[in-house]
Amino acid sequence: MISFPLPTVIVGALVDGKPNFNAIAYCGIAQSKPPILAVSMDKKRYTHSGIVENGCFSVNVPSEDMLSQTNYVGTTTGHEVDKSGIFTVFYGKLGKAPLIEECLAAMECELIDSMDFRGKNDLLIGKIVESYVDESCIERGWLDLSRLKPLIFSRSDHSYWTIGRCLGTVNEVQNVKNDEK
Ligand SMILES: Cc1cc2nc3c(=O)[nH]c(=O)nc-3n(C[C@H](O)[C@H](O)[C@H](O)COP(=O)(O)O)c2cc1C
């Protein structure tokens, strides 16, 4: 399998009443209306048990300055350590999906389905019931990635990357037909 650039998010869930978090690179938007996302998570993850237990989870987008905490929650397990105090936690509409105050963008998701590929992972399908974005990342009503500074993950060598510069919007980029190349 080749590796293309992956996002790096922190997924949160309550496990036995306590917040737990892990790092997830296998995450993507599945639909925009209504907004649905999908997270592929190993069934043995401590966070997985909390998502199934409560039927909800959070997806938090860490910025570059949260690299160390992101790596920590992605390399330690709630089966062995208590990760409940790593971040400042708040709760939204669902009341049981721990969201991270330090992340400039976060989403609260209701678990609406899951797919078992008969392997290690479950694809957890979440309906996004609320999104939280820090105003410092908003430019003309839109989320500005240059301010969010998200982390990109390369699966092949397990390395973290930052995003580069903006090349233009869909409307700004001039299309070139094949025969004009
Ligand atoms: C950058 C990064 C990305 C990761 N992506 C995934 C992923 O997509 N799915 C998964 O199941 N585990 C992934 N992991 C591994 C879990 O985050 C890791 O096993 C963590 O310790 C699980 O914590 P928990 O048992 O407390 O839930 C990733 C780890 C890192 C560092």
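The values are calculated or read from the model by the stated rules, or taken from the named source; none is laboratory data. From a predicted model like this one, the values you see are computed outputs, not experimental measurements. Note that we place each Cβ from the backbone using ideal geometry, even for glycine, and neighbour counts take in every protein chain shown.
What to note about this one:
- On inspection, Asp82 passes the criterion of being in contact (Cβ under 8 Å) with a residue 12 or more places away in the chain, surrounded by fewer than 19 Cβ atoms within 10 Å (Cβ to Cβ) and within 11 Å of the ligand (Cβ to nearest atom).
- With respect to (1) of a type in the set (Lys, Arg); (2) away from the ligand (no atom under 11 Å from the Cβ); (3) buried (at least 19 other Cβ atoms within 10 Å of the Cβ), the lone exception for Lys93 is condition (3).
- Residues being buried (at least 17 other Cβ atoms within 10 Å of the Cβ) and within 7 Å of the ligand (Cβ to nearest atom) are entirely absent from the range 55-69.
- Members of the range 16-41 found to be outside any loop (DSSP other than H, G, I, E, B), more than 21 Å from Ile152 (Cβ to Cβ) and more than 8 Å from the ligand (Cβ to nearest atom), listed by number: Lys18, Pro19, Gln31, Ile36
- Residue match in the range 42-53 (condition: among the hydroxyl-bearing types (Ser, Thr, Tyr) and outside any helix (DSSP H, G or I)): no
- Meets criteria (part of a helix (DSSP H, G or I), modelled with pLDDT of 95 or more and on the phi < 0 side of the Ramachandran plot) for Met66: yes
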